[in-house]
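K.L.:
The structure is given below, and queries will be raised subsequently.
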Amino acid sequence: MSPSTLRSWERRLGYPRPSRTPGNHRAYDLAEVEALREALRETGNISSAVDVARRRGRGVASPARLLQAFDRFDEGAADRELEESLAIRSLERSVEELLLPALEMASRRPNHEVELEHACRWATGWLHSARRLAASASRPEGVLMLDSGAALGLEAVYVQALELFLRRSGLRVLLLSAHLPEGRFASALRALRPAAIVLCGEGASLDTLGEPLRRALRNGDSARVFGYRGARLVRGQRGVPHLDSGPADATERILGAL
């Protein structure tokens, strides 16, 4: 909306009602703006939307408000945004519609590396806590995730989100570094006997993961192999299926394959 439209709504309808800066500029409350935006989508009429927004009050948790909490280094506010989301969304939707979009927004801004690092650290801790609350595996299939990416960053959060979603779907999941010595990698395969192997991170390559994985690839009925997001793998008829999107879609595709 143009500034003149907002001023017209303020004059005629009294909403949204901004405060004033010392320089006499209008400063709109983000919660009011978001509540009005959602109401306008629902009603298509500004007068009706103002009535709905006033009754409803503060809008639902949003990526923009979560990003504001990250920028203020306010962990309590970030906690509240996720808690409010969990009151109306599933955990999976809260991650896909709130947490990951906020981190994507943070990653696209120049000169905000410190804020992004803080946001990723907070997200890592939150996902770890959610993983500890996940129920025990209810399915016999195991999924081995091999991560070649950095331990901290946006892609690492995507990997942890996929691990959490797979666990919550009932699968047995083991997340390890893709840079394990071959002997340790073989031990992990024997211990988990995975039905699926997911290669994660830009450093993931079929040529660098050792003979145990190549044997699994040659024996098609032992384990399905997938690449997730940044993994650089051979594709095509004899290549590896690539899971390009978010963790919910990746989980569905893995479950469907199994």
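K.L.:
So, in segment 132-145, exactly how many residues are open to solvent by 30 Å² or more (accessible area, probe 1.4 Å) and outside any loop (DSSP other than H, G, I, E, B)?
P.N.:
Going through segment 132-145 one residue at a time, the tally reaches 1.
K.L.:
Select from segment 109-126 the residues that are more than 11 Å from the chain's Cα centre (by Cα), surrounded by 12 or more Cβ atoms within 10 Å (Cβ to Cβ) and outside any loop (DSSP other than H, G, I, E, B) and list them in ascending order. Walk me through it before giving the result.
P.N.:
Keep residues of segment 109-126 that are more than 11 Å from the chain's Cα centre (by Cα), which gives 109-119, 121-122, 125-126.
Within this subset, residues satisfying the condition of being surrounded by 12 or more Cβ atoms within 10 Å (Cβ to Cβ) are 109, 112, 115-119, 121-122, 126.
Listed by number, the residues that qualify are GLU115, LEU116, GLU117, HIS118, ALA119, ARG121, TRP122, TRP126.
Okay, residues lined up against (1) among the hydroxyl-bearing types (Ser, Thr, Tyr); (2) closer than 19 Å to ASP244 by Cβ; (3) in contact (Cβ under 8 Å) with a residue 12 or more places away in the chain:
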position	(1), (2), (3)
GLU96	no, yes, yes
LEU103	no, yes, yes
GLU115	no, no, yes
SER129	yes, no, no
ARG132	no, no, no
MET145	no, yes, yes
GLY149	no, yes, yes
LEU154	no, yes, yes
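K.L.:
In addition: Of the numbered conditions (1) open to solvent by 30 Å² or more (accessible area, probe 1.4 Å); (2) in contact with a helix residue (DSSP H, G or I) (Cβ under 6 Å, 6 or more places away or on another chain); (3) not small (Gly, Ala, Ser), ARG168 fails exactly one; give the number of that condition.
P.N.:
(2)
K.L.:
Moving on to the next point. Out of the residues in segment 64-84 meeting the condition of being in a helix (DSSP H, G or I) and among the acidic types (Asp, Glu), tell me which one is least open to solvent (accessible area, probe 1.4 Å).
P.N.:
Filtering segment 64-84 for residues that are in a helix (DSSP H, G or I) and among the acidic types (Asp, Glu), the one least open to solvent (accessible area, probe 1.4 Å) comes out as GLU81.
K.L.:
Looking at SER148, SER129 in this structure, which one is of a type outside the set (Asp, Glu) and surrounded by fewer than 16 Cβ atoms within 10 Å (Cβ to Cβ)?
P.N.:
Going through SER148, SER129 in turn, the sole match is SER129.
K.L.:
Something else now. Restricting to segment 221-245, and then to whatever is touching a helix residue (DSSP H, G or I) at 6+ places or on another chain (Cβ under 7 Å) and open to solvent by 30 Å² or more (accessible area, probe 1.4 Å), can you tell me which residue is modelled with the lowest pLDDT? Don't jump to the end; show me each part of the working.
P.N.:
Of the residues in segment 221-245, the ones touching a helix residue (DSSP H, G or I) at 6+ places or on another chain (Cβ under 7 Å) are 222-226, 228-230, 243.
Filter again for open to solvent by 30 Å² or more (accessible area, probe 1.4 Å), leaving 222, 224, 229.
Details: SER222: 73, ARG224: 86, ARG229: 85.
Only one residue fits best here, namely SER222.
K.L.:
Tell me the residue from ALA106, ALA87, ALA49, ALA61 that is more than 16 Å from the chain's Cα centre (by Cα), small (Gly, Ala, Ser) and open to solvent by less than 20 Å² (accessible area, probe 1.4 Å), please. Walk me through it before giving the result.
P.N.:
Numbers: ALA106 fails: more than 16 Å from the chain's Cα centre (by Cα); ALA87 fails: open to solvent by less than 20 Å² (accessible area, probe 1.4 Å); ALA61 fails: more than 16 Å from the chain's Cα centre (by Cα).
Of ALA106, ALA87, ALA49, ALA61, the one residue that is more than 16 Å from the chain's Cα centre (by Cα), small (Gly, Ala, Ser) and open to solvent by less than 20 Å² (accessible area, probe 1.4 Å) is ALA49.
K.L.:
Can you tell me which residues in segment 171-214 are surrounded by 20 or more Cβ atoms within 10 Å (Cβ to Cβ) and either acidic (Asp, Glu) or at pLDDT 85 or above (or both)?
P.N.:
LEU171, VAL173, PRO194, ALA195, ALA196, ILE197, VAL198, LEU199, CYS200
K.L.:
While we're on this one: Determine which member of the set ALA123, ALA119, ALA130 is within 22 Å of GLU83 (Cβ to Cβ) and in contact with a Phe, Trp or Tyr (Cβ under 6 Å, 6 or more places away or on another chain). Step through it out loud before you land on a result.
P.N.:
On the way: ALA123 fails: in contact with a Phe, Trp or Tyr (Cβ under 6 Å, 6 or more places away or on another chain); ALA130 fails: in contact with a Phe, Trp or Tyr (Cβ under 6 Å, 6 or more places away or on another chain).
When all the criteria are applied, what remains is ALA119.
K.L.:
Further, regarding this structure: Cβ contacts < 6 Å: first residue without any contact (Cβ under 8 Å) to a residue 24 or more places away in the chain and on the phi < 0 side of the Ramachandran plot, restricted to segment 11-25; second residue open to solvent by 70 Å² or more (accessible area, probe 1.4 Å) and not in a loop (DSSP other than H, G, I, E, B), any location; separation 6+ or different chain. Result?
P.N.:
PRO18/ARG26
The values are calculated or read from the model by the stated rules, or taken from the named source; none is laboratory data. Just so it is clear, the structure is predicted and the values come from calculations on it, not from any experiment. Note that each Cβ is placed from the backbone with ideal geometry, even for glycine, and that neighbours are counted across all protein chains shown. Each accessible area value is taken on the protein alone, full model and side chains, heavy atoms only, with ligands, DNA and RNA left out. Shrake-Rupley method; radii C 1.70, N 1.55, O 1.52, S 1.80 Å.
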